[in-house]
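The values are calculated or read from the model by the stated rules, or taken from the named source; none is laboratory data. If you're wondering where the values come from, they're calculated on a predicted model, not measured in any experiment. In this analysis, Cβ positions are derived from the backbone assuming ideal geometry, glycine residues included, and neighbour counts consider all displayed protein chains. For the accessible areas, the whole protein counts, side chains as well, though only heavy atoms, and no ligand, DNA or RNA atoms are used. Shrake-Rupley method; radii C 1.70, N 1.55, O 1.52, S 1.80 Å.
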Amino acid sequence: VPGDAFAAGDLWPKKGGLPNTGGGPVHLRASPDGKHLFLSGPYSSKTAYGHEADPRFPPARVYRMEIGKGTMEPFATLPTVGENPAKAGYGWTSKHIAHPMHYTVPHGPIHDVAADAAGNVLVADQDGQRVAVLDAAGKEVASLPVPYPDLLAVHPKTGAVYVLTKEIKGYHQFRKTLVKFAPGPGGWKDAKQAALLDLGVTPAATPRMALSASEKSTVLWLIGVREGLLAIEDKGDALEEKATAFAPTPEMPGDWARLATDAARDELYVSNGTTRLWRFNGLTTEGGPLKKGGKPFLANDLAAGYDGSLYARVSGDWDGSAASYSGPFWRLDRDLNPLPFAATGTHVLSPYIYSRYGVGFAERGIGVGPRGESYVSFM
């Protein structure tokens with residue numbers, strides 16, 4: 001969307017698009033003036049499946065196109081230190097990602113690309129362990145030393161660049177660091193590192209970053225670094241993590257499979273599709289996991305009767321003591337105590353309901369009538 005109008009067009013001619021047989025990460029970024037679109041990361045490589053390396057699309061090449069006009073054209077090609085992409089079974093084994101687990105992350109000699117208001121193009125150069133700065137003609141004018149650069153964001157007013165790094169530490173283990181560089185009086189030629197924040201080692205392999213800038217604050221929003229959404233505020237000479245309304249809430253369901261309501265109490269029950277249940281007040285939203293004696297109450301499904309009693313497909317072999325897809329069918333009070341029937345003297349409606357693993361635990365629903373009739377649909 002350059003300016004106030006939409007622009008549309010193919011990235012490549014109808015025939016001859018880029019074959020990313022090298023498996024490089026794909027990054028698209030528009031220039032601040034809305035005139036150009038840049039592409040970095042993908043490249044052509046010979047593979048064991050019969051693909052031949054196409055010399056028109058070498059590793060470490062950045063492409064550029066005019067938005068709404070033409071298609072992608074070569075803009076610049078950075079030097080590399082990896083193997084020859086024409087080699088059979090080619091994989092990127094440059095010195096900094098020679099770790100035996102490097103195949104667990106999309107890899108290539110260059111990652112993200114960004115542009116600043118002055119027309120410079122910045123490239124996350126994995127092979128060079130730096131951010132390369134190119135002018136509008138594609139000529140290198142500066143280099144910012146930073147190891148394992150992955151993602152970039154450029155401040156629209158100050159011109160500062162934020163670099164999210166990603167270092168492979170082990171099998172599905174990646175150290176992420178956020179680094180800020182501020183341009184000096186001579187621009188990027190005398191830029192200095194202004195701040196650094198170590199975000200720790202986590203299994204997440206594909207982080208994403210977006211910059212939010214206002215008159216009052218500058219915030220970097222990150223996902224894929226730790227659980228949930230992170231907000232990092234730029235304090236000038238420091239980067240500080242700040243609390244947000246999007247922080248994960250402890251003991252909340254990650255999946256919402258089935259619902260049941262207790263109309264008399266305005267309460268809502270939520271199942272996660274396997275063995276966990278939550279109870280919430282439908283008026284105040286207060287609530288949490290269903291527990292008995294301080295421990296999670298394991299049940300595969302639940303319905304509330306007209307009188308507020310609970311009919312539960314309890315998880316476990318006959319006694320509800322352990323998670324399982326099969327188990328008994330009980331009637332309980334709101335506090336999860338046995339609620340026997342007068343005619344039988346027991347709260348057990350069935351000692352064993354068969355089920356199996358499927359979509360969740362393959363439950364098909366429970367119904368309770370106005371006189372306490374109970375209906376169970378299973379398998």
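Out of the trypsin sites (Lys or Arg not before Pro) in region 346-379, which ones are loop residues according to DSSP with at most 15 other C-beta atoms within 10 Å? Let's see the in-between values first.
Details: sites: R356, R364, R371; in loops: R356, R371.
In loop regions of region 346-379 (DSSP not H, G, I, E or B), the sparsely surrounded trypsin sites (Lys or Arg not before Pro) are R356, R371.
Can you give me the Cα centroid spacing of region 252-293 and region 208-226 in angstrom?
A separation of 33 Å, based on Cα centres.
What translational diffusion coefficient, in µm²/s and rounded to a whole number, does the Stokes-Einstein relation yield for the chain at 25 °C and a viscosity of 0.890 mPa s, taking the hydrodynamic radius as the Kirkwood radius over Cα pairs? Don't skip to the answer; put the middle values down first.
Numbers: Rh = 25.0 Å.
The Stokes-Einstein estimate is 98 µm²/s.
Counting other Cβ atoms within 10 Å of each Cβ, which trypsin sites (Lys or Arg not before Pro) in region 247-284 have at most 16 and sit in a DSSP loop?
Qualifying residues, ordered by number: R265.
Heavy atoms only, probe 1.4 Å: what % of the accessible area of the chain goes to carbon and sulfur, would you let me know? Let's see the in-between values first.
Numbers: 10410 of 19250 Å².
Ligands and nucleic acids excluded, carbon and sulfur reach 54 percent.
For region 149-270, count all C-alpha to C-alpha pairs, find those more than 20 Å apart, and express that count as a whole percent of the total. Walk me through the numbers on the way to the answer.
On the way: 3941 of 7381 pairs.
Counting pairs separated by more than 20 Å, the tail of P(r) holds 53 percent.
Order the peptides 300-312, 224-236 from the highest to the lowest mean number of other Cβ atoms within 10 Å of their residues. Walk me through the intermediate numbers first.
Values: 300-312: 21.6, 224-236: 17.1.
Sorting 300-312, 224-236 by mean packing, highest first, produces 300-312, 224-236.
What chymotrypsin sites (Phe, Trp or Tyr not before Pro) does region 29-72 have in DSSP loop regions with at most 12 other beta carbons within 10 Å? Mind dumping the intermediate values first?
Values: sites: F38, Y43, Y49, Y63; in loops: Y43, Y49.
Those satisfying the criteria are Y49.
Under 13 Å from the Cβ of V123, count the other residues' Cβ atoms, weight Lys and Arg +1, Asp and Glu -1, and hand me the total. The partial results should precede the final answer.
Working: positive: R29, R61, R64, R130, K139; negative: D112, D116, D125, D127, D135, E140, D150.
So the surrounding residues net to -2.
Taking only protein heavy atoms and a 1.4 Å probe, what accessible area per residue, in Å², does the chain have with all protein chains in place?
Here the per-residue accessible area is 51 Å².
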